[in-house]
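The values are calculated or read from the model by the stated rules, or taken from the named source; none is laboratory data. This is a predicted model, so every value here is computed, not measured. Cβ sites come from the backbone with ideal geometry, for glycine too, and all protein chains shown count toward neighbours. Side chains are part of the model used for accessible areas, which takes the heavy atoms of the whole protein and leaves out ligands, DNA and RNA. Shrake-Rupley method; radii C 1.70, N 1.55, O 1.52, S 1.80 Å.
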Amino acid sequence: MAQHPDVAIVGGGVIGLTAAYELAKAGFTVEVLDRGPLGAEASWAGAGIIPPGNFERAATPIDRLRALGSVGMPLLASELRDRTGLDTGYRRCGGIEFLHPHDRDVLELWEAEGFPFDQLTGDTLTQLEPAAAGFTGEPYLLPTCAQVRNPWHVRALIAACEQLGVRLRPDTPVEGWHSVGRRVTGVRLSSGATVAAGTCVLAAGAWSETLLKPLGQQPGVHPVRGQIVLFHRPAPRLQRVLMAGKRYFVPRDDGRVLVGSTEEPEAGFEKCPTAAGVNELLRFTTTLIPGWAGAEVEKTWAGLRPGSADGLPYIGSVPGWDGVLVATGHFRAGVQLSVGTARILTELLTGRPPAVPVEAFRLDRPPGCATQQAFRS
Ligand SMILES: Cc1cc2nc3c(=O)[nH]c(=O)nc-3n(C[C@H](O)[C@H](O)[C@H](O)COP(=O)(O)OP(=O)(O)OC[C@H]3O[C@@H](n4cnc5c(N)ncnc54)[C@H](O)[C@@H]3O)c2cc1C
């Protein structure tokens, strides 16, 4: 590793780590700085749903970014396994989404995008997923819906980064920037030391806004708490991800099931499960699957999603500054969007045209320009 890395990444969540991995593969020397343990925030807490996608036909930039994840995540999973021997938990388990009449626009987006989906009859639904008999709405089977197991996915990314010579620095809080004129030349640590770098990348998740402020940007990145209830092998068992609006059930291979999630911007940076949040998820569960009323709750937890003003991420340059890029605000979709985000950052740093137009994700976009998205969970 050169004394000064080509790239210093602030934040070792799934966004920072995937970017570090791709940039190191592209030949950059990379350093990742995290104020705590690596990959222990939203990227650990999430449910890991990877919805389907079709890059060629996706209608909007955000749907194209998601499609890069849908296609790229299985490749990343097998690459990480080859390099490290670690399983990310990537499984193309399929999913069932329950739609209501007001969700017609979502169906139109799916049709336009052209990934496989099938409307199920009540009988087929109960054959496929007996536990889902009590769900309301029209069930649609999404055979290419997939999942990763978040703690496994970040663990494999960390190991692969280490193997590629990325300098990983947990417990290293970044306090600000070092700049010369309008060029960011490094990061300032809370210890007072500076890490000089050719380019700095801000990927500090829900905490990004404080580091954007000194660069004259206040896009409104904010924490949105999401709680999860983990059931220990409830019966009847689920095979597929079940999605009902913003709520979902994600079955793991070992029979455990994650039920999520709440959306609580009012909680600020308070990251603990609450009686009200857990109660809401338990009520949701037992209303839809009454047979699970006696199931064992193994664990509950919460994470802070990096919310943005309009639900879309911020990816690309910082207006008025050289030497710094941003990749934050991925809200409910940071895992599925991580592959595309890392690709865009690598393209920007290698001077290639980005696969997805980054205009849509610029920091200074006008408010209210977000478009309809094909998935809500
Ligand atoms: C309950 C829940 C369910 C979810 N389900 C899904 C899902 O099914 N599919 C999906 O795609 N997404 C899902 N998400 C969203 C996804 O988890 C996030 O969008 C994603 O993890 C964001 O990644 P990140 O790297 O930007 O942020 P984080 O993982 O939060 O990482 C940011 C890192 O920056 C570090 N940091 C902060 N400030 C500093 C500083 N000053 N100096 C150094 N380091 C700093 C933090 O310590 C942290 O490690 C879910 C999220 C939650 C909470």
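Before moving on, here are some points about what is shown:
- Elements of type strands (runs of 3 or more DSSP E) in region 216-289, at least 1 residues being farther than 30 Å from Asp364 by Cβ, of a type in the set (Gly, Ala, Ser) and open to solvent by less than 10 Å² (accessible area, probe 1.4 Å): 257-260
- Qualifying residue in region 33-55 (condition: among the β-branched types (Val, Ile, Thr), over 17 Å from the mean Cα position of the chain (by Cα) and not assigned by TED's automatic domain parsing to the domain that holds Gly255): no
Matching residues to (1) outside the structural domain of Leu33 (by TED's automatic domain parsing); (2) basic (Lys, Arg):
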residue: Phe115; (1), (2): yes, no
residue: Tyr140; (1), (2): yes, no
residue: Val154; (1), (2): no, no
residue: Leu164; (1), (2): no, no
residue: Arg169; (1), (2): no, yes
residue: Gly181; (1), (2): no, no
residue: Gly216; (1), (2): no, no
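- Residue list for region 324-345, restricted to those being open to solvent by less than 10 Å² (accessible area, probe 1.4 Å) and either over 16 Å from Phe375 (Cβ atoms) or away from the ligand (no atom under 15 Å from the Cβ) (or both): Val324, Val326, Ala327, Thr328, Gly329, Thr341, Ala342, Ile344, Leu345
- Residues that are open to solvent by 40 Å² or more (accessible area, probe 1.4 Å) and in contact (Cβ under 8 Å) with a residue 40 or more places away in the chain, drawn from region 101-113: Asp105, Ala112
- Only one entry of Glu22, Glu97, Glu41, Glu31 meets the criterion of being under 30 Å from Leu211 (Cα atoms), open to solvent by less than 20 Å² (accessible area, probe 1.4 Å), within 16 Å of the ligand (Cβ to nearest atom) and of a type in the set (D, E, K, R), and that entry is Glu31.
- Contacts under 7 angstrom Cβ, first residue in region 285-305 being assigned by TED's automatic domain parsing to the domain that holds Ala235, partner of a type in the set (Gly, Ala, Ser) and away from the ligand (no atom under 16 Å from the Cβ), 6 or more apart: Thr286/Ala293; Leu288/Gly134; Ile289/Ala131; Ile289/Gly134; Pro290/Gly134; Gly291/Ala131
- Inspection of region 151-172 finds no residue satisfying the criterion of being modelled with pLDDT under 95 and in a helix (DSSP H, G or I).
- Residue in region 347-368 that is open to solvent by less than 20 Å² (accessible area, probe 1.4 Å), farther than 30 Å from Arg183 by Cβ and either touching a helix residue (DSSP H, G or I) at 6+ places or on another chain (Cβ under 6 Å) or of a type in the set (Lys, Arg) (or both) present: no
- Qualifying residue in region 57-67 (condition: open to solvent by 20 Å² or more (accessible area, probe 1.4 Å) and near the ligand (Cβ under 9 Å from one of its atoms)): no
- Answer residue from region 187-203, given it is small (Gly, Ala, Ser) and open to solvent by less than 20 Å² (accessible area, probe 1.4 Å) and is nearest to Val14 (Cα to Cα) among those: Ala203
- Total residues in region 42-92 satisfying the condition of being more than 20 Å from Glu22 (Cβ to Cβ) and among the hydroxyl-bearing types (Ser, Thr, Tyr): the figure is 1.
- Residue within region 138-161 that is in contact with a strand residue (DSSP E or B) (Cβ under 9 Å, 6 or more places away or on another chain) and free of Cβ contacts under 8 Å to residues at least 40 places away in the same chain present: no
- Looking across region 298-315, the residues that are more than 11 Å from the ligand (Cβ to nearest atom) and over 17 Å from the mean Cα position of the chain (by Cα) come down to Glu298, Lys299.
- Conditions (1) more than 16 Å from the ligand (Cβ to nearest atom); (2) over 18 Å from Leu258 (Cβ atoms): number failed by Trp292: (2)
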